[in-house]
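Step one of this worksheet: look at the structure below.
The values are calculated or read from the model by the stated rules, or taken from the named source; none is laboratory data. Computed from a predicted model, the values in this text were never measured in an experiment. Glycine also receives a Cβ, built like all others from the backbone with ideal geometry; neighbour counts cover every protein chain displayed. Just so you know, the surface numbers come from the protein's heavy atoms only, side chains and all, with ligands and any DNA or RNA stripped out. Shrake-Rupley method; radii C 1.70, N 1.55, O 1.52, S 1.80 Å.
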Amino acid sequence: MPQHILVVDDETAIADLVELYLSNEGFAVHKFHNALDALACVDSTQLDLAVLDVMLPDMDGFALCRRIRENHLFPILMLTAKVEDMDKITGLTLGADDYVTKPFNPLELVARVKTQLRRYTRYNQGVPAPAEPEEFDIRGLQISKATHRCVLFGEELSLTPLEFSILWHLCRRRGRVVSSEELFEAVWGERYMDSNNTVMSHIARLREKLREPSRKPRFIKTVWGVGYTIE
């Protein structure tokens with residue numbers, strides 16, 4: 001059976017785009033352009049996840065999120081054109097699970113939807129997470145969690161603990177775009193609450209140690225407006 005996803009956005013083009021990409025992945029999409037119709041769907045449909053725009057004509061996305069959380073625990077992703085951190089803090093307080101800032105890469109949105117669904121399913125079914133590899137070898141870049149060593153083309157690199165953790169997190173998320181927020185929260189273990197350059201500066205130093213070409217990096221690539229990835 002397909003998983004059912006609620007999509008609420010008053011911008012028709014964006015709602016249609018999200019619907020197209022999610023439908024292509026086999027999800028059953030319930031698309032609406034206002035909060036009241038969306039709430040009616042929530043009451044009548046067994047949903048697995050919701051994608052909510054913050055700016056809606058009849059009720060803002062945060063209020064809609066709060067209403068949904070009164071009776072439902074499925075994951076909620078917020079779509080927002082605002083980058084102010086207060087929006088993110090407000091959404092977290094009301095029970096949102098993740099954020100995507102407009103304009104966004106539809107493939108990244110699909111990846112985040114799948115990630116939230118996996119976490120939610122695993123939590124509710126008590127299924128343990130699959131064992132994580134202890135090391136990676138990516139085109140001459142070798143990194144080992146067990147020995148805490150990183151070797152580039154046979155030469156061991158001297159990485160700080162933070163640099164190692166950033167590189168390890170990117171390697172274990174290989175093929176997916178990781179946002180600065182996710183990196184910060186995974187590596188520093190704190191909630192990302194301000195738009196500082198902490199992650200950017202550490203990525204820059206890490207790239208120097210990897211001897212990355214500035215125009216065409218071999219390993220850590222920037223997806224502008226989204227985050228970083230190792231392909």
| task | Return yes or no: is residue 18 within 17 Å of residue 106 (Cα to Cα), in a helix (DSSP H, G or I) and in contact with a helix residue (DSSP H, G or I) (Cβ under 8 Å, 6 or more places away or on another chain)? | result | yes
| request: Could you check how many residues of the range 49-75 are closer than 17 Å to residue 99 by Cα and not aliphatic (A, V, I, L, M)? | output: 9
| field | Residue list for the range 151-174, restricted to those being in contact (Cβ under 8 Å) with a residue 24 or more places away in the chain and assigned to a helix (DSSP H, G or I) | value | 162, 163, 166, 167, 168, 170, 171, 172
| Search result, residues across the range 197-220 that are assigned to a helix (DSSP H, G or I) and touching a residue at least 24 places away in the same chain (Cβ under 8 Å) | 199, 202, 203, 205, 206, 209
| note | Within the range 34-84, restricting to residues that are of a type in the set (Asp, Glu), surrounded by 13 or more Cβ atoms within 10 Å (Cβ to Cβ) and outside any strand (DSSP E or B), the one that is modelled with the lowest pLDDT is 60
| Is there a residue in the range 170-183 that is of a type in the set (Asp, Glu) and either surrounded by fewer than 16 Cβ atoms within 10 Å (Cβ to Cβ) or over 30 Å from residue 81 (Cα atoms) (or both)? | no
| Taking the range 199-231 on its own, how many of its residues are of a type in the set (Ser, Thr, Tyr), open to solvent by less than 70 Å² (accessible area, probe 1.4 Å) and more than 23 Å from residue 149 (Cα to Cα)? | 1
| request: Could you list all residues from the range 16-33 that are of a type in the set (D, E, K, R) and crowded, with 18+ Cβ neighbours inside 10 Å? | output: 19, 31
| field | Of residues in the range 1-15 being in a loop (DSSP other than H, G, I, E, B) and open to solvent by 30 Å² or more (accessible area, probe 1.4 Å), the one farthest from residue 105 (Cα to Cα) | value | 1
| If you go through the range 143-150 one residue at a time, do you hit one that is touching a residue at least 24 places away in the same chain (Cβ under 8 Å), open to solvent by less than 30 Å² (accessible area, probe 1.4 Å) and in contact with a Cys (Cβ under 6 Å, 6 or more places away or on another chain)? | yes
